[in-house]
Amino acid sequence: MNEKMLESKTKKILNDLNIQINLKGYRYWIESVKYIILNNKTKYLMIKEIYIDVSRKMNTTPSRFERALRHSIENRKVQIQEYFGINYSIKNSSFIALLVDKVKEECEI
């Protein structure tokens, strides 16, 4: 799988959701999706591992990483629910699962 294609598809989804590009969380979402898909991680079970591994790559701590992710989507939860056609509460783990599934679908993985 091509990293650039994964990044491009993830950016498109984040932009469709109006998640601000200037927030650290924007870049962290992209790196998280790439990490999960390229390393064949089970996204639902490995969230702490993702926080640790990707935060290390991004030169931050897992707690700062998690907060940046949360902050980037906190005002977009209704829009995210409408975009993905869901009616449950959006948390980092559920959003990353939705992102990964959508990127895989668009890349036909």
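The values are calculated or read from the model by the stated rules, or taken from the named source; none is laboratory data. Worth saying up front: this structure is predicted, and the values here are computed from it rather than measured. Neighbour counts are summed over all protein chains in view; Cβ atoms, including those assigned to glycine, are modelled from backbone coordinates with ideal geometry. Heavy atoms of the whole protein, side chains included, go into the accessibility calculation; ligands, DNA and RNA do not. Shrake-Rupley method; radii C 1.70, N 1.55, O 1.52, S 1.80 Å.
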Selected residue [in a loop (DSSP other than H, G, I, E, B), under 12 Å from the mean Cα position of the chain (by Cα) and either modelled with pLDDT of 95 or more or under 22 Å from Lys4 (Cβ atoms) (or both)] from Lys34, Lys43
Lys43
For Ile37: the one exception among (1) within 22 Å of Glu74 (Cα to Cα); (2) crowded, with 18+ Cβ neighbours inside 10 Å
(1)
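If you check Glu105 against the conditions, is it of a type in the set (D, E, K, R), open to solvent by 30 Å² or more (accessible area, probe 1.4 Å) and under 15 Å from Lys9 (Cα atoms)? Working first, answer last.
Values: of a type in the set (D, E, K, R): yes; open to solvent by 30 Å² or more (accessible area, probe 1.4 Å): yes; under 15 Å from Lys9 (Cα atoms): yes.
Here the answer is yes, as Glu105 does meet what is asked.
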Just one of the numbered conditions (1) at pLDDT below 95; (2) open to solvent by 70 Å² or more (accessible area, probe 1.4 Å); (3) not aliphatic (A, V, I, L, M) is not true of Lys12; which one?
(1)
Please determine whether any residue of segment 19-32 is closer than 19 Å to Ile80 by Cα, aliphatic (A, V, I, L, M) and open to solvent by 70 Å² or more (accessible area, probe 1.4 Å).
yes
When segment 49-63 is checked residue by residue, the ones that are assigned to a helix (DSSP H, G or I), touching a residue at least 24 places away in the same chain (Cβ under 8 Å) and open to solvent by 30 Å² or more (accessible area, probe 1.4 Å) are Lys57
Filter segment 73-101 down to residues that are open to solvent by less than 50 Å² (accessible area, probe 1.4 Å) and either at pLDDT 95 or above or not hydroxyl-bearing (Ser, Thr, Tyr) (or both), then give me how many there are.
13
